[in-house]
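All remarks here apply to the structure that follows.
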Amino acid sequence: MAQKYGFFNSVNNDRVYDAADVARFLSKFFTNGIFNNSLAVSSNDNMTISVATGNANINGYSYENTETLTLDIEEADSELNRIDSVIVRLDLTNRQITTMILQGSYATTPSQPSITRTGTIYDLRLANILVSAGATRITTEMITDTRFGNDCGNVTQAVLELDTSEIFAQYESWFNQWFSNLQDQLDDNQAGHLQNEIDGIDSRVETIEDKYIFFDDEETWTE
């Protein structure tokens, strides 16, 4: 069906909508991300972290954490480091949105694990946690807030992402046309002004000549 519309009361099941219809509708009004700087990740000074209360929007699906959430961090390696990520994951297959730990790979110089964004899974990265070799607790210095980057973001009105290139192209065309017309007017006015100045100069010269009597190379002033 090329044209979609809604939502209307169903008569004999002729207007049936599902969660995807609602999510598709809501996704037009809000960008993906967290609401109001919420869902901050903090240290508990042990091998757990806490995620504060708050809300998130992912592709029109709503998530709310109503109580501080505590998540376990896997124990550290004795020799190598790793980076874990705290993510909010939309899982359409399992019909859920959960905050979880995405464990990274061990390395001398580790990288953050890759988040997933497919047709059925979409992740928001809240924070990265550096799990140093031999660590027995997660401290504040090990946590990097990533809520305001491209991997998460704050929810805003989707209209803020309006593509204005076509509008400005029209404005530019209108301005160029207006300015061209204005230039023509200025040229005419300048030409007229210049002619008036020339006529004024000629008139003053004639007046001066009338007040002089010329005798050979000498001139005599007369009133």
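Laboratory data are not the source of any read-out in this text; all were calculated from the coordinates shown. Predicted, not measured: the structure shown is a model, and the values here were computed from it. Methodologically, a virtual Cβ is constructed for each residue, glycine included, from the backbone with ideal geometry; neighbour enumeration extends over all protein chains shown.
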Worksheet item: What is the distance, in nm, between label points placed 7 Å from the Cα along the Cα-to-Cβ direction at GLN3 and at ARG95?
Response: 3.2 nm
Fill in: Per-residue ³J(HN,Hα) for the range 128-140, Karplus 6.51 cos²θ - 1.76 cosθ + 1.60, θ = phi - 60°, Hz, x for Gly and Pro
10, 10, 7, 9, 6, 4, x, 5, 10, 7, 9, 9, 4
Item to complete: Apply 1/(1 + (r/R0)^6) to the Cβ-Cβ distance of GLN157 and GLU64, taking R0 = 30 Å, and write down the FRET efficiency to the nearest 0.05.
Response: 0.95
Response to the item:
Over the range 1-58, the quotient of the Cα radius of gyration and 2.2 N^0.38 Å is 1.83
Discussion item. Suppose the chain between THR48 and ILE167 were pulled fully straight at 0.36 nm per residue; how much longer would it get relative to their current alpha carbon spacing?
Written reply: 37.8 nm
Worksheet item: Once you put a point 7 Å from the Cα of ASN36 and another 7 Å from the Cα of SER114, both along the Cβ direction, what distance in nm separates them?
Response: 3.7 nm
